Amino acid sequence: MNNVSWKECQFVIIDVEGNGQTPQEIIELSIVPVFCEQISKPYTWLIRPKMRVTERATQIHGITNRELQHCCSSEEVRHEIRGVLGKNIVVGHNVSVDTRLIRSQFGEWEPLAIIDTLKLAKYVHPELSSYSLDSLITIYGLDIIPSMRHRASGDAQVTAQLFLALVSKLKDDSQRDLLSLSQIAGSVDDPFLKNQQGSLF
């Protein structure tokens, strides 16, 4: 795919919650499509892990073992999740953590690009002392129900808001094409940027 304006791109904003074990297992995954600056309703799955959710993890996101005991396993939802992810452009906050867990649990897939709102925020606001999602929610006055913070659906939806807000702060349209976004905020394993670099040699 040639370089295009971001408004022509289909993005999927992702967030996961884990069971707190080592290795970590995803127990909740949310995918929020964004196209033409419009945020769509999230696709969200609760997933039964192989190992129990730790008390510490439950304290953070509120998801209990009892809540998950009758949910589908990773294998049962793998095809559905990979279908929703597709070959779209993946966006998330500190997104490499999410993409590596998704690949580990659901197998390799080929997003067009992987954009990190943490890196994008550092580019847009180099003066900030914190780039945590909580800090950026406060700075931009983003809309999230407090009880949905640290739930995959709530965090993915507010990250979608953050992504649109940050892109609007870029200097001009020359920074809003896919190549520029990848150069500014591509994840360490962003396939689009790697493919562009590879084509130069």
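The values are calculated or read from the model by the stated rules, or taken from the named source; none is laboratory data. Model, not experiment: these values are computed from the prediction. FYI the Cβ positions are ideal-geometry reconstructions off the backbone, even for glycines, and counts take in every protein chain you see. Accessible surface is based on the protein model in full, side chains and every heavy atom, while ligands, DNA and RNA are left aside. Shrake-Rupley method; radii C 1.70, N 1.55, O 1.52, S 1.80 Å.
Before moving on, here are some points about what is shown:
- Taken over the stretch 165-198, the criterion of being within 30 Å of residue 19 (Cα to Cα) and not acidic (Asp, Glu) is satisfied by 185, 186, 187, 188, 191.
- Comparison of 63, 27, 14 shows that the only residue that is of a type in the set (A, V, I, L, M, F, W, C), in contact with a Pro (Cβ under 7 Å, 6 or more places away or on another chain) and modelled with pLDDT of 95 or more is 27.
- On inspection, residue 162 passes the criterion of being touching a residue at least 24 places away in the same chain (Cβ under 8 Å), surrounded by 20 or more Cβ atoms within 10 Å (Cβ to Cβ), under 13 Å from the mean Cα position of the chain (by Cα) and farther than 20 Å from residue 26 by Cβ.
- Pairs, first touching a residue at least 24 places away in the same chain (Cβ under 8 Å) in the stretch 79-92, second exposed (fewer than 14 other Cβ atoms within 10 Å of the Cβ), C-beta under 6 Å, six or more apart: 87/110; 88/10
- Considering residues of the stretch 8-37 that are touching a residue at least 60 places away in the same chain (Cβ under 8 Å) and open to solvent by 50 Å² or more (accessible area, probe 1.4 Å) only, the residue nearest to the chain's Cα centre (by Cα): 10
- Taking first residues from the stretch 99-118 that are over 18 Å from residue 156 (Cβ atoms) and partners that are open to solvent by less than 10 Å² (accessible area, probe 1.4 Å) and among the β-branched types (Val, Ile, Thr), the Cβ contacts under 9 Å between residues at least 6 apart in sequence or on separate chains come to 104/26; 112/89; 112/90.
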